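The values are calculated or read from the model by the stated rules, or taken from the named source; none is laboratory data. Just so it is clear, the model here is predicted, and its values are computed rather than measured. Because the Cβ atoms are built from the backbone with ideal geometry, glycine has one as well, and the counts that use them run over all protein chains shown. Protein only, heavy atoms only, side chains kept; ligands, DNA and RNA dropped before computing areas. Shrake-Rupley method; radii C 1.70, N 1.55, O 1.52, S 1.80 Å.
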Amino acid sequence: MSIPTAGAAAPAPRARAWMLLGVIVGYAGLAMSHATSRVLSTRDWPVEAVADMVIRMTPGAVVEWAIKTLKSLDKPLLIIGIGLVMTLMFAGIGLLARRSMGQAMAGFTVVAAIGFAAVFTRSGFGFGELWPLIAGFVTWSLLLVWLRGALLVAPYGDASGDPDPQPPAGGSRRDFLRRAGIVVGGSIVVTVAGRWLGGARRSVEEARRLLRLDGVTAPSIPERVKVAADGVTPWETPVDDFYLIHTNYSLPLVHPNDWVLRIHGMVDQELTYTYSDLVNRQLTESWITLNCVSNPVGGDLIGNAWWSGVRVADLLAEVGVHAEADCVLQTSETGWTCGTPLEALTDDRNAMLAVAQNGEPLTIEHGFPVRTIVPGLYGYVSACKWVVDYEVTRFADVTAYWTDRGWSELGPVKLASRIDVPVNGDELEAGEHTFAGVAWQQHTGISGVQVSLDGGKWLDATLAGWARPKRPNLDTWVQWKITLDLTPGDHQLQVRAIDVDGNVQTGELAEPVPDGATGWHTVDFSVE
Ligand SMILES: Nc1nc2c(c(=O)[nH]1)N[C@H]1C(S)=C(S)[C@@H](COP(=O)(O)O)O[C@H]1N2
Ligand SMILES: [Mo]
């Protein structure tokens, strides 16, 4: 590296300037990605995800050694280590930028790919978590062009004696430093703003962590709800594996101390309830399976959890619902709305304002601090997350988010069943195999499941907990299994459920729009 001396012909921008460029652009991208992750409240910044990945990939013995030797310094040292590696990579990318834009972008692509791998390989990955990566990458691309423009055309000294073959176009050392200053200043502003906006999530998460809810009990899985079969979906769905549907990317951050539910409309007296009003009441708890109307035949937008909350019927009795009302229009903190049949909220089913899922306060993703759960209705007409408003009204007078988009006003769950084993394309050996799956029609209940092999006669499958008619109630899915003796060749398995009234699940195919899919789940497999 040559050191320009006064009066000597100014050399082209030195390697050090290019490395500086790489580092400034690199960290500006990280700042933007950090702010994006805070504003959208994604689980964490891709850099933190990378730290997690490093921990995951480090052999256990090394981790133990690090914890023992470095004590509580292990996490800060890990972040410092990642910071050093990234600084070196960014400096390298700066040097690549001297040669060509393409090479520098290839370098940033590699860094982004590491971030992607870290975010993508975590359990419970959601596509919303990609926005911070995208924001960082776009920032890198734009700033690289902008800063490189200043450095390329500029002799990194004064404007005389430029050995660079590029025609000078007005850039200068001052120009580069000015732009670099803007980028550094902008990054600081973006970081501070992100921290400020992100504080909301931290304080809500802290409040959630510190909550102690008397009356919320840990889920205890009833006996005999499971069939002994490999590959069947777990009867109880862990919160992290529970499907997620919402129409907002950025999660609403509602502190329990700020949460209020207003019940108004066609009522004798309008009332509001705070979070402590709610959790100090008698709580109701039960296993309820929730599913999405957009679930295709055989799909997995369904989960079963232990919900704890306050009976909606009790609150509606307190406000005094007018006889002409037939609907409660629920509104979320996000502005999302749904219309729920009043009857389903006031009859003997356990429709509740849920505060806990599987014995823990709701997660932010699943509606913290309070959401509605109504057994027997699809989520889009009932399971309002971050719910803040109940308007007692008439269906004739209101529309809601999904009904405005062509979905049906009422959303009772349809009788359905699914094959979990085998899966399409399985190659099995000849002989006996146990197949299994689930069937559901919440609040109605399942009395039987039948399968047909290659279009043959319907065979009765065994239901878990068959000896007890309510398994553990009518509001959950039911596991089934059947053992079949298989001969070589291509095979097709179909399943259908029968409800407690003897109705048989229809084989007629219907798309999820407008009120839920129908048809028998069919799986093709072969036997050698
Ligand atoms: N605020 C809000 N609540 C909502 C939704 C939404 O988009 N916004 N989606 C609904 C739909 S379509 C379903 S199926 C369930 C899914 O609940 P989950 O994400 O906890 O599984 O939430 C319901 N509640
Ligand atoms: Mo849904």
- Amide H neighbours of residue 401 under 5 Å, counting only residues 5+ apart in sequence or on other chains, H built in-plane at 1.01 Å? 337, 338
- Task: Rank-order 387-393, 103-109 by packing density, defined as the average count of other C-beta atoms within 10 Å over each peptide's residues, highest first.
- Result: 387-393, 103-109
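Give me the 1.4 Å probe accessible area per residue for the chain, excluding ligands and nucleic acids, in Å².
Here the per-residue accessible area is 47 Å².
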- Message: Given a 1.4 Å probe and heavy atoms of the protein chains only, how would you sort 226, 481, 385, largest accessible area at the top?
- Response: 226, 481, 385
- What are the residues whose amide H is under 5 Å from the amide H of residue 44, where those residues sit 5 or more places off or on another chain and H is modelled from the backbone? none
- Of all lysine pairs in the chain that are eight or more residues apart or on different chains, those with Cα atoms under 19 Å apart total 5
- region 206-228-region 351-393 distance, computed between alpha-carbon centres (Å): 16
- Carbon/sulfur accessible area of the chain, % of total, 1.4 Å probe, equals 58
- Report ³J(HN,Hα) in whole Hz for each residue of region 259-269, in order, from the Karplus equation J = 6.51 cos²θ - 1.76 cosθ + 1.60 where θ = phi - 60°; Gly and Pro get x. 6, 9, 10, 9, 10, 8, x, 7, 9, 5, 9
- Can you give the accessible area of residue 120, probe radius 1.4 Å, in Å² rounded to 10? 100
- Task: Please work out how much accessible surface residue 360 shows to a 1.4 Å probe, ignoring ligands, DNA and RNA, in Å² rounded to 10.
- Result: 110
- Would you work out the charge dipole size for the chain about its Cα centre, treating the Cβ of every Lys and Arg as +1 and the Cβ of every Asp and Glu as -1, and quote it to the nearest 20 debye? 2980
